Amino acid sequence: MRVEPAARLPTSLTRAFGGQTMTGRLKRVMVRKPAAPKTASDWTDFRYRHPVDHPRAVDKHAALVAILESEGVDVIVAADDESGDLDAIFPYDPSLTTDQGAILLSKGKPARVKEPAFHARTYGEIDVPVLGEVVTPRRVEGGDTLWVDERTVAVGRGYRTNGAGIEQLGLILEPLGVTVLAYDLPHWNGPAGCLHLMSFISPVPPGVAVAHKPLMDVAFMEELAKRGWTLIEIEPAEFDSMACNVLCLEPFKVLVVNGNPRTKQLLEQAGCTVLDYAGDELSHNRAGGPICLTRPILRECDEMA
């Protein structure tokens, strides 16, 4: 379903939003069209690997939407964002969806500070209430948030998400009965790099995740072990090609960016059906995988999946 500029809830859906999970069946998702470059140097400002091929990006993004729709997902294709806002194609970061509505987040990357307002506009168009907002100088990026279960969200504290932002997010989530667990992220490539919590772990079915253990916080590893989680460790050589960035469509069915054959094999050996998409322009150039390219708005609860 394309939304430009308004939306109606499909009759097949009984609610418009919710699902505090990363593994329940994906029913409704927001994506954002690739914004056109504003200047010839935009790609260097965003630290991409090479100049953006905008027509190819548009074509491959439409192909990604087609994959999601073929899996029965109601895809909300948001109206065009402003030219030059190249990272707005990654809608996972500027907001978080809960059972009570959306939470607007505060971007840690200066070039992306306008994006929560883009999300507020889209949520207004599709009648998803905004429950709260993390405000600057507090910062939380969606890529640093991971639903451990429906009442627990893990948040990575690093260069894009700070302690004050995590505290404010906790206050917004507290009335929902949701606990926030904060974990420190490693320095990795420093402030100029883009390392999120979701850069090195993605749940597939409940209690199972693909992960790159060398970057994981010890306390987080211990918490997951205590909860009985199983980690499928990726091929280290595939980390830079976003092997850890895996979008769960439903338990044991996932979408991955192409170019990670060993991780795909490991997922299949774990019983997953693995779909992939061409990620050269959307993902490999911009350093953002299928989770980054989507903002789940409605998932089934895990016990319903």
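Read-outs throughout are calculated quantities, based only on the coordinates presented, and are distinct from any laboratory measurement. None of the values given here were measured: they were computed from a predicted structure. FYI the Cβ positions are ideal-geometry reconstructions off the backbone, even for glycines, and counts take in every protein chain you see.
The residues of segment 240-258 that are crowded, with 18+ Cβ neighbours inside 10 Å and not in a strand (DSSP E or B), listed by number, are Ser241, Met242, Ala243, Cys244, Asn245, Val246, Pro251. Number of residues in segment 165-198 that are within 29 Å of Gln100 (Cα to Cα) and touching a helix residue (DSSP H, G or I) at 6+ places or on another chain (Cβ under 7 Å) equals 8. Find the residue count for segment 76-119, including only residues that are in contact (Cβ under 8 Å) with a residue 60 or more places away in the chain, in contact with a helix residue (DSSP H, G or I) (Cβ under 7 Å, 6 or more places away or on another chain) and polar (S, T, N, Q). Summing the residues that are in contact (Cβ under 8 Å) with a residue 60 or more places away in the chain, in contact with a helix residue (DSSP H, G or I) (Cβ under 7 Å, 6 or more places away or on another chain) and polar (S, T, N, Q) in segment 76-119 gives 3. Only strands (runs of 3 or more DSSP E) whose full extent lies in segment 85-179 are considered here, and the ones with at least 2 residues that are of a type in the set (S, T, N, Q) are 95-98. Looking only at segment 208-239, residues that are of a type in the set (A, V, I, L, M), surrounded by fewer than 16 Cβ atoms within 10 Å (Cβ to Cβ) and either in contact (Cβ under 8 Å) with a residue 12 or more places away in the chain or over 20 Å from Trp147 (Cβ atoms) (or both) come to 3 in all. The set of residues in segment 51-60 that are in a helix (DSSP H, G or I) and touching a helix residue (DSSP H, G or I) at 6+ places or on another chain (Cβ under 6 Å) comprises Arg56, Ala57, Lys60. Within segment 132-150, residues that are in contact (Cβ under 8 Å) with a residue 60 or more places away in the chain and farther than 16 Å from Ala102 by Cα have Cβ atoms under 8 Å from residues that are outside any loop (DSSP other than H, G, I, E, B) and of a type in the set (A, V, I, L, M) in these pairs: Val148/Ala154; Val148/Leu181; Val148/Leu224, counting only partners at least 6 apart in sequence or on another chain. Scanning segment 52-82 for residues that are out of contact with any Pro (no Cβ under 7 Å at 6 or more places or on another chain) and either under 19 Å from Gly124 (Cβ atoms) or among the polar types (S, T, N, Q) (or both) yields Ser70, Val75, Ile76, Val77, Ala78, Asp80, Asp81, Glu82.
Residue count for segment 171-193 satisfying the condition of being within 19 Å of Lys109 (Cβ to Cβ) and either surrounded by 18 or more Cβ atoms within 10 Å (Cβ to Cβ) or small (Gly, Ala, Ser) (or both): 4.
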